[in-house]
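Chemist: Before we start, here is the structure in question, set down as structure tokens.
The values are calculated or read from the model by the stated rules, or taken from the named source; none is laboratory data. None of the values given here were measured: they were computed from a predicted structure. When we count neighbours, we look across all protein chains shown, and the Cβ atoms used for this are built from the backbone with ideal geometry, even at glycine. Just so you know, the surface numbers come from the protein's heavy atoms only, side chains and all, with ligands and any DNA or RNA stripped out. Shrake-Rupley method; radii C 1.70, N 1.55, O 1.52, S 1.80 Å.
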Amino acid sequence: MADTTALSPGLTTADGRPLKSALTRAQGKARRRAFLLVLPLLGFVLLTFILPIGQMLHRSVFNDGFSKNMPQLTEWFGQNAGAPDEAAFAALAADITASAAAKTIGVVGTRVNYEMSGTRSLFTSTGRKAKDFTPPYREALLAADAKWGDPALWSTMRQVGRAYSPNFFLAALDLARAEDGSIIRAPEERRVYVMLFVRTFVIAGLITVLCLVLGFPIAHLLATLPLRYSNLLMILVLLPFWTSLLVRTTSWIVLLQSQGVVNNTLVATGILTDQTRIQMIYNQLGTIIAMTHILLPFMILPLYSVMRPIPPSYVRAARSLGASSWTAFRRIYLPQTLPGIGAGALLVFILGVGYYITPALVGGATGQLISNLIAFHMQDSLNWSLAAALAALLLGCVLLLYWLYDRLVGIDNLKLG
């Protein structure tokens, strides 16, 4: 586009206006038209991508289930830092009475139960007795249940009294807060999330390597065959890609189960006996096999797009100069395919990290990934804040991986097709 600052101020348009201002006005009009053209897409991305992610990130640190329904006790926590006195018990009794009448005592108990297991029933059972409470409230509450005198319970209620809290992120990292507010490791029986994160990234990395090992020769064959044959072979690559994900996953269940096609074939050929059938489904092996098959096209297509334009004369020239086949491949061919390897590996790994349906169907107890636990907290335990914290950590890891790829390889070298 022309640089309007370099135009002479004496030049004018046919209608007598200065040429510089006329060009500036025309450029502004073109920009406004371009913005209006992308405005629907911008609004769609904002409503369907940015807004839900922003709400998820907000949900991961916000939960007002306690503070909203226990206002008097929350106010007491804000004004006092010491042990609970008669005023604190009076505020607690008043809030429990009001919350039980409003039928929100279950919400309060659930919020505390997220931090201290077994406390939801304490709130609901006390709520049923709340109408009979009379001063002194400390004795009345302790008579209702002796757990109300537990300092750990009061410390937990003080923590959940703040609507904004990092506690869900701490829980997602297998950490917790002690009674004095310090951060400690969660009890051993509750340390599951870090292990699942590690398992997710290890399995996603292994699937990426398998897809690269399987996809590289296939893409090379597609790139070097005559076009009429490579197009036919490409259909075989794309055909599973166009088939329903659910159909492909259930097909693997049929193939890999104990009485399935693979085991029956091995038994029929004498390699296995009926007693030594291999358990290939409902475990990590099943997850790896099914996900490798499903994600393989995402590795082949970027590799093919990079390999196709590589002139075969480069390798022939290297061979004619005395290089061995391995040297010509390693020093001439492989470096030219790195953009495709990087794109395919990044695509497969990111998709593998967030995969849900296949591990849920074929993973069993040992093949579940972190995405399955996020779905569990959203659908079964209804702990949406913890699910949002886990999802936010997963999103952060993916963004960190994207940043590392950009720093090490360069996002400009990413070629997806």
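Chemist: Would you work out the charge dipole size for the chain about its Cα centre, treating the Cβ of every Lys and Arg as +1 and the Cβ of every Asp and Glu as -1, and quote it to the nearest 20 debye?
Modeler: 1860
Chemist: Tell me the per residue accessible area of the chain using a 1.4 Å probe; a whole number in Å² is fine.
Modeler: 56
Chemist: Show me 50-56, 333-339, 108-114, 210-216 ranked by packing, highest mean number of other Cβ atoms within 10 Å first.
Modeler: Ranked by mean Cβ neighbours within 10 Å, highest first: 108-114, 210-216, 333-339, 50-56.
Chemist: Shifting gears a bit: Any chance you could run the full-extension gain for residue 330 through residue 379? It's 0.36 nm times the residue separation minus the Cα-Cα distance, nm to one decimal.
Modeler: 12.7 nm
Chemist: OK, next. Where the only charges are on Cβ atoms (+1 Lys, Arg; -1 Asp, Glu), what is the dipole of the range 95-157 about its Cα centre, to the nearest 20 debye?
Modeler: 220
Chemist: Also, I was wondering about something else. Please work out how much accessible surface residue 349 shows to a 1.4 Å probe, ignoring ligands, DNA and RNA, in Å² rounded to 10.
Modeler: Roll a 1.4 Å probe over it and residue 349 shows about 40 Å².
Chemist: I'd like to verify something in the chain: which complete DSSP H helices, judged by Cα projection on the helix axis, reach 18 Å or more and average at least 1.0 on the Kyte-Doolittle scale?
Modeler: In the chain, the long hydrophobic H runs are 86-101, 193-224, 227-242, 284-307, 334-353, 384-408.
Chemist: Now, a different point. First check a/c for the range 259-417, with a ≥ b ≥ c the square roots of the eigenvalues of its C-alpha gyration tensor; if it is under 1.5, answer rounded, and if not, answer prolate when a/b is larger than b/c or oblate otherwise.
Modeler: The shape class here is oblate.
Chemist: Moving to a separate point now. Going by average Cβ density within 10 Å per residue, which order do the peptides 251-258, 271-278, 354-361, 220-227 take, highest to lowest?
Modeler: Peptide ranking by packing, descending: 354-361, 251-258, 220-227, 271-278.
Chemist: Compute the Cα gyration tensor for the chain, then decide on rounded, prolate or oblate, letting a ≥ b ≥ c be the square roots of its eigenvalues: rounded whenever a/c is under 1.5, prolate when a/b is larger than b/c in the other cases, and oblate in all that remain.
Modeler: It comes out oblate by the Cα gyration axes.
Chemist: If the only charges are +1 at each Lys and Arg Cβ and -1 at each Asp and Glu Cβ, what is the size of the charge dipole of the range 199-335 around the Cα centre, to the nearest 20 debye?
Modeler: For this selection, approximately 480 debye.
Chemist: Note the full-extension length gain between residue 129 and residue 320 as 0.36 nm times their separation in residues minus their Cα-Cα distance, in nm to one decimal.
Modeler: Using 0.36 nm per residue and subtracting the Cα-Cα distance, I get 59.5 nm.
Chemist: Between residue 202 and residue 80, how many nm apart are label points set 7 Å from Cα along the C-beta direction?
Modeler: 5.0
Chemist: Relative to a virtual label point 7 Å from the Cα of residue 150 in the Cα→beta-carbon direction, which members of the range 103-135 show backbone nitrogen distances below 14 Å?
Modeler: 109-110, 112-126
Chemist: Between residue 241 and residue 38, what length in nm is gained on full extension when 0.36 nm per residue of separation is reduced by their alpha carbon distance?
Modeler: Net length gain for the segment: 70.1 nm.
Chemist: Next question, about the same structure. Taking the Cα-to-Cβ direction at residue 25 and at residue 182 and moving 7 Å from each Cα, how far apart do the two end points lie in nm?
Modeler: The modelled label-to-label distance comes out at 7.3 nm.
Chemist: Would you mind classifying the range 13-155 by shape? Square roots of the alpha carbon gyration tensor eigenvalues, ordered a ≥ b ≥ c; an a/c under 1.5 is rounded, otherwise it is prolate if a/b is larger than b/c and oblate if not.
Modeler: Prolate, because a/c is 1.5 or more and a/b exceeds b/c.
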